[in-house]
Amino acid sequence: MSAALARKPPGTLQSQFDTAWAYPWCGELGERPQTPRGRAVMNSNFAELPRVDWCEGRPFAVARLDSQYAKALEDMALAKESSVKALPISQGWEPIAEQNPTTARYASYSAFLLSPVTLPLYFAIRETYRHLLEALGQQHAPRFIQCWYNVHRGGESLIRHKHPYPFIGTFSAHSAGSYTRYGRTKEASELDAIVEHIDGQLMVTTGEDHYHETSVWQDPDRPRVTFAFDILNAERWNSRQVFLPFDF
């Protein structure tokens, strides 16, 4: 039986997204989360606070953002889909671009530059990533992030692959009822960790030799929308992709 990532009772705080989900951090951009005030501001925007679970020797930093905010990101992604599909296809993705239109153009855009509504997601990723660093006993290092989003309709999925970066992750705008398999081998294995998605779920994990694939999306009426990202060392920056400063 495949190993499943266990869910533990998370800490919860009332979210501010109900009244100000679009710009909850705008007055605090200079605050680093290591300070008590900065961390309190960050925490107030999580429906479930970041935690780190381990499965088959791999760490998974998991948090959840407000469902209303997740729906706002889903709506934004679908509204921008036709514009993203007009961008150049990333090298190597030509054969499956039709089934993965926004994924196949990941190198041509950053989801964080499509709308201000993505700003809370950026900082939530950074806070969750820093929890992962603490769990690994690692120090902060200059890093960049690239972020795109995936749209899958009924019968579609993302094939098994891996990313050549130290950290990877996803945010589920709408993907409840699906799962992602993570493993060390190119082929699916009984040792794979299976992460079941819920809307608003944010996950950051290690990326080196971390293959992953999604289940086939079953809903014929509402697409599956997830945001995916890579966090990479500063020396990996290049002008062929859209990398943004992330942790300096």
Cβ crowding within 10 Å averaged over residues, with 76-87, 46-57 ranked highest first: 46-57, 76-87
Efficiency by 1/(1 + (r/R0)^6): what FRET value for Lys71 and Phe248, r their Cβ-Cβ distance, R0 = 30 Å, to the nearest 0.05? 0.40
How big is the charge dipole of the range 47-247 about its Cα centre, in debye rounded to the nearest 20, if each Lys and Arg gets +1 on its Cβ and each Asp and Glu gets -1 on its Cβ? 440 debye
Which whole-number percent gives the relative contact order of the range 47-247, counting Cα pairs below 8 Å spaced six or more residues apart? 29 percent
Per DSSP, loop GluC sites (Glu not before Pro) in the range 141-248 with at most 14 further Cβ within 10 Å: Glu187, Glu190, Glu208
So if each residue of separation counts as 0.36 nm, and I subtract the Cα-Cα distance between Glu208 and Arg240, what length gain in nm does that give? 9.4 nm
Distance in nm between label sites at Ile198 and Gln218, each 7 Å beyond Cα in the beta-carbon direction? 1.8 nm
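Any read-out appearing in this document is the output of simple, stated calculations on the displayed coordinates, not a laboratory observation. Keep in mind that what you see is a predicted model, and the values were worked out from it rather than measured. Methodologically, a virtual Cβ is constructed for each residue, glycine included, from the backbone with ideal geometry; neighbour enumeration extends over all protein chains shown.
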